[in-house]
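Comments concern the structure below.
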Amino acid sequence: MKRSRTWSRSFLAISVVGLVVVGLLLAALAAALSPGERVRPVVPEPIALPGPRLGDPTPPSPEEWLDPWLSAEGTRMDDVLEAIPWLATLPEVGGPDALLASLERALPERPGRDVAIRMARAIGGDEDAVAALFAGAHAEAPERGACFALGVLRSASVDGARAFEREAELHDDDRARRLALEAALNAGADDELERLLADPAYAAVADAEIPYRLARRRLDWVGMLIWTMPSQHVDTPLHFLLLGILSGILWLVVLAYLGDVRRVASARLGLCVAALVLGAASTVPTLVLSVWMEEVLGVREPSGLYTGIAYYVGSVGLREELCKLLAFLPLAPFVIRRGDPREALVVAGCVGLGFAAEENIGYFTRSGGADVAGRFLTANFGHVVSTGLIGAWLCRAVKEPKHLQDFALVFIGLVIGHGVYDALIIVPELEEWSALAGIVYVAVALLYFAQLAKCPPAAPRRVPVTAVFVYGLTAMLVTSLVAAAWDVGFLPALRTIVPGVLSAALFIFVFIRELREPLSP
């Protein structure tokens, strides 16, 4: 079989540089064409917070970043009203008095302005403003925003729910209806919530988070299984959803190639795809098991060094590895019957990949894209190697029961490794030792590669796995850069994406080195 030019290091390097240049040009074009304001669209964080300026560690004053948002023609008054309690707590604003000054200075004369100013004064402790807010909301013909403002201030009570309900009745406001449902839910007023949901107008605005939170409070395990995944993506922007799916597809291609898949219409690729889907689905029982541990066993994330390590090993590591293993079980009989150790490593690894890809969507959304590179390079393959090793040893133990003890040791060891890795990153007392997380990660990855090395591919490859990995990585980074540039601009996008790539450089080196492919100069 004739090898392609991708076996050449110089060809790979030149083509990757070319793709990166194209990506930079596309990102610059996306930033230039983006019609959006450079703000976050979702309350309670409707506006991007300022960072220190280059060469000046002092953040900009509210006049420079808050006032333009308040005075912008596209800023909705209900956005302002809902954001006021949040803004009043921010150090970047300077407290309720500074917020009041910004509102009086920058908020244009329009319906709701006086309500916003009274609301800021009430938060600052002005009792007359509190009384005026209540009186305004209960007036026979309240001004626009009066009931909405009271609902925001009483957002965890039945009174808040009814204030939002009145705002919705007066102005046919779906946002007020949604907030009325949330207030009733936060207040634990199930009867009030069910009364509202009986109205078709409220049922139409109730997203999946409402039934999920209700099921969680009632410890309705079936309800949680049904609503967990839909509730995770209620506010997920489309581009982060697509990035999560793309990260899974690109790694699936790498793993399929690593697993010696030669044809699209092959049983092995079918097993890999099924494993990917089952892995994504396994995030649901993982989250439900987390709730069960918290609410039934009382196992919650603690403070402290030893309790923190114990939590991440005995709760996080255990439930994630257990649920991924259970997701692999439906495929295990087919893999065992086919009898290929490399296939076991790759198919079980695809379960871990599906878990990571689904989990990544939430991380991408919460980080605004900053985690794309790091999650793509570390979390995806981290779940691949842990689940791949556990699944492969399970197949071996079923086929040869003498390996049952080995399987148990591998499972326990990887649960501990998973928990210690998370603890090193998250537990504050281990901050000085966080670099050791990379050592744990690399050690587990080396174990996976060692098992792969014992079962080489059946025939030489036309294209090296290295090329598939490098091109997939480049495609992911370019896509995330373009998406980030569309959201926040070109230079902020670079500042978001590049650090993640640099922090994952060790993984890139280890992955390519352990493939041990004889690339030519």
* Asked: For region 430-442, in order, what is each residue's ³J(HN,Hα) by Karplus, 6.51 cos²θ - 1.76 cosθ + 1.60 with θ = phi - 60°, in whole Hz (x at glycine and Pro)?
  -> 9, 4, 5, 9, 4, 4, 5, 4, x, 5, 4, 4, 5
* Phi to ³J(HN,Hα) by Karplus 6.51 cos²θ - 1.76 cosθ + 1.60 over region 290-297, Hz, x for Gly, Pro -> 4, 5, 4, 5, 6, 7, 9, 8
* To do: Report, to the nearest 10°, how far helix 221-232 tilts away from the longest principal axis of the Cα atoms in the chain, using its own Cα long axis and a range of 0 to 90°.
  => 80 degrees
* Which residue, chosen from Leu447, Asn360, Pro285, occupies the Cα position most advanced towards the positive end of the dipole of region 238-515, where the dipole is computed from +1 (Lys, Arg) and -1 (Asp, Glu) charges on Cβ about the Cα centre? -> Leu447
* For region 403-467 and region 301-339, what is the separation of their Cα centres, given in Å? -> 14 Å
* **Under Karplus coefficients 6.51, -1.76 and 1.60, residue-wise ³J(HN,Hα) of region 69-84 in Hz, glycine/proline x** => 5, 5, 8, 5, 4, x, 7, 6, 5, 5, 4, 5, 4, 6, 7, 4
* **Anisotropy class of region 60-103 from Cα gyration tensor, a/c 1.5 cut** => oblate
* Over region 238-515, calculate the relative contact order: mean separation of alpha carbon pairs under 8 Å at least 6 apart, over the residue count, as a percent. => 26 percent
* To do: Tell me the label-point distance for the pair Arg366, Arg516, using the 7 Å Cα-to-Cβ offset, in nm and rounded to one decimal.
  => 3.8 nm
* Asked: Could you give the angle, 0 to 90 degrees to the nearest 10, between helix 490-503's Cα long axis and the longest principal axis of the Cα atoms of the chain?
  -> 40 degrees
* Structure fact -> Classified through the alpha carbon gyration tensor (a ≥ b ≥ c as square roots of its eigenvalues; rounded if a/c is under 1.5, else prolate when a/b is larger than b/c, else oblate), region 137-266 comes out prolate
* Tell me what the chain gives for mean residue ellipticity at 222 nm when only DSSP H runs of n ≥ 4 count, each as -39,500 (n - 2.57), the sum divided by the residue total, rounded to 500 deg cm²/dmol. => -22000 deg cm²/dmol
* Asked: Where the centre of each part is set by its Cα atoms, how far does region 186-224 sit from region 372-397, in angstrom?
  -> 37 Å
* Gyration tensor verdict on region 238-515 (Cα atoms; rounded if a/c is under 1.5, prolate if a/b is larger than b/c, oblate otherwise) -> oblate
* Structure fact -> Nearest-0.05 FRET efficiency for Leu170 and Ala203 at R0 = 22 Å, using Cβ-Cβ distance, is 0.65
* Asked: Straight-line reach from Lys399: which aspartates and glutamates have a Cα under 17 Å away, not including same-chain ones fewer than 8 places off?
  -> Asp340, Glu343
* The list (i) 86, 29, 16; (ii) 43, 25, 22; (iii) 48, 29, 20 gives values of semi-axes √(5λ) of the Cα gyration tensor in Å, and only one came from this structure; which label was calculated from it? -> (iii)
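A short reminder: the numbers here are calculations on the coordinates, not readings from a lab. Keep in mind the model is a prediction, meaning the values are calculated, not measured. Ideal geometry is used to build each Cβ from the backbone, glycine not excepted, and the neighbour counts take in all protein chains shown.
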